[in-house]
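The values are calculated or read from the model by the stated rules, or taken from the named source; none is laboratory data. The structure displayed is predicted, hence computed values, not measured ones. Virtual Cβ from ideal backbone geometry, glycine too; neighbours counted across all protein chains shown.
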Amino acid sequence: MRTFIALLFEDEQNSIIYDILGEVRAISDSGNFTHKDNLHLTILYIGDTSEEDLEKMKNKLSEIKLDKFDYKTNRIKYFKKSNTRIIVYLGVDKIDLLENLYNIIRTKLKEIGISIQSEKYTPHITLGRQVKIKEEESLHNIYCNTLNLKATKISIMESKRIGNRLAYKEVYSIALK
């Protein structure tokens with residue numbers, strides 16, 4: 001199974017983020033947009049995971065003892081993948097607590113032999129992949145109020161295809177104090 005670690009949102013916040021996604025979709029020629037039920041903030045993508053490794057992950061990540069914390073969104077941004085296709089996301093303010101969580105999870109996974117490719121952590125909420133927009137500057141014209149989000153648990157998510165749709169399912173969570 002393919003897995004990743006994420007922070008999920010409350011229903012009201014999820015709806016607001018999905019409305020923002022709708023504005024991106026409205027100015028796009030095409031793209032693979034995130035389904036409302038799949039919105040999340042990725043902490044760490046793991047990839048193919050055996051049942052044995054999943055059990056090790058559950059046990060190891062259960063050792064994390066962190067307090068709940070707040071974080072905020074900022075503006076629509078994108079990663080450019082080609083001249084015409086981009087990954088569009090809702091940016092999240094970099095805060096030490098998110099960076100710390102990312103580093104703790106990487107360290108815990110390394111302790112059980114799950115090696116994650118080293119990369120700079122950019123907290124974000126993916127709105128669409130392979131998005132094609134005539135004028136990328138139009139993304140900056142989408143106004144979105146800052147959302148105050150609360151991290152209350154760390155979720156281990158499974159990613160799989162059901163028919164033509166990508167579906168994410170929480171397989172385990174660790175409550176923050």
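Any residue that is surrounded by 16 or more Cβ atoms within 10 Å (Cβ to Cβ), on the phi < 0 side of the Ramachandran plot, in contact with a Leu (Cβ under 9 Å, 6 or more places away or on another chain) and of a type in the set (S, T, N, Q) - is there at least one of those in segment 3-12? Taking every residue of segment 3-12 in turn, at least one turns out to be surrounded by 16 or more Cβ atoms within 10 Å (Cβ to Cβ), on the phi < 0 side of the Ramachandran plot, in contact with a Leu (Cβ under 9 Å, 6 or more places away or on another chain) and of a type in the set (S, T, N, Q). The one condition from (1) hydrophobic (A, V, I, L, M, F, W, C); (2) crowded, with 18+ Cβ neighbours inside 10 Å; (3) in a strand (DSSP E or B) that LEU21 does not meet is (3). The condition of being touching a Phe, Trp or Tyr at 6+ places or on another chain (Cβ under 9 Å) and aromatic (Phe, Trp, Tyr) holds for only one of TYR71, TYR172, TYR168, that being TYR168. TYR102 fulfils the conditions (1) touching a strand residue (DSSP E or B) at 6+ places or on another chain (Cβ under 8 Å); (2) farther than 16 Å from PHE69 by Cβ; (3) of a type in the set (Phe, Trp, Tyr) except for a single criterion, (2).
Can you find even one residue in segment 105-124 that is in a strand (DSSP E or B) and either modelled with pLDDT of 90 or more or within 22 Å of ALA26 (Cβ to Cβ) (or both)? Looking through segment 105-124, at least one residue is in a strand (DSSP E or B) and either modelled with pLDDT of 90 or more or within 22 Å of ALA26 (Cβ to Cβ) (or both). Hey, could you check segment 25-37 for residues that are crowded, with 19+ Cβ neighbours inside 10 Å and modelled with pLDDT of 95 or more and say which is farthest from VAL171 (Cα to Cα)? In this case the residue turns out to be PHE33.
Across segment 38-63, the number of residues qualifying as touching a helix residue (DSSP H, G or I) at 6+ places or on another chain (Cβ under 8 Å) and surrounded by fewer than 16 Cβ atoms within 10 Å (Cβ to Cβ) comes to 1.
Table: residues versus (1) among the charged types (D, E, K, R); (2) crowded, with 16+ Cβ neighbours inside 10 Å.
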residue	(1), (2)
PHE69	no, yes
LYS77	yes, yes
LEU90	no, yes
ILE95	no, no
LEU98	no, yes
LEU101	no, yes
LYS110	yes, no
ARG129	yes, yes
ASN141	no, no
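Residues in segment 138-158 include none that are closer than 22 Å to ARG2 by Cβ, in a loop (DSSP other than H, G, I, E, B), among the hydrophobic types (A, V, I, L, M, F, W, C) and at pLDDT 95 or above. Can you confirm whether THR73 is under 19 Å from TYR168 (Cβ atoms), within 14 Å of the chain's Cα centre (by Cα) and crowded, with 17+ Cβ neighbours inside 10 Å? The answer is no for THR73.
When ILE5, ILE16, ILE46 are screened for being in a helix (DSSP H, G or I), among the aliphatic types (A, V, I, L, M) and more than 10 Å from LEU127 (Cα to Cα), only ILE16 passes.
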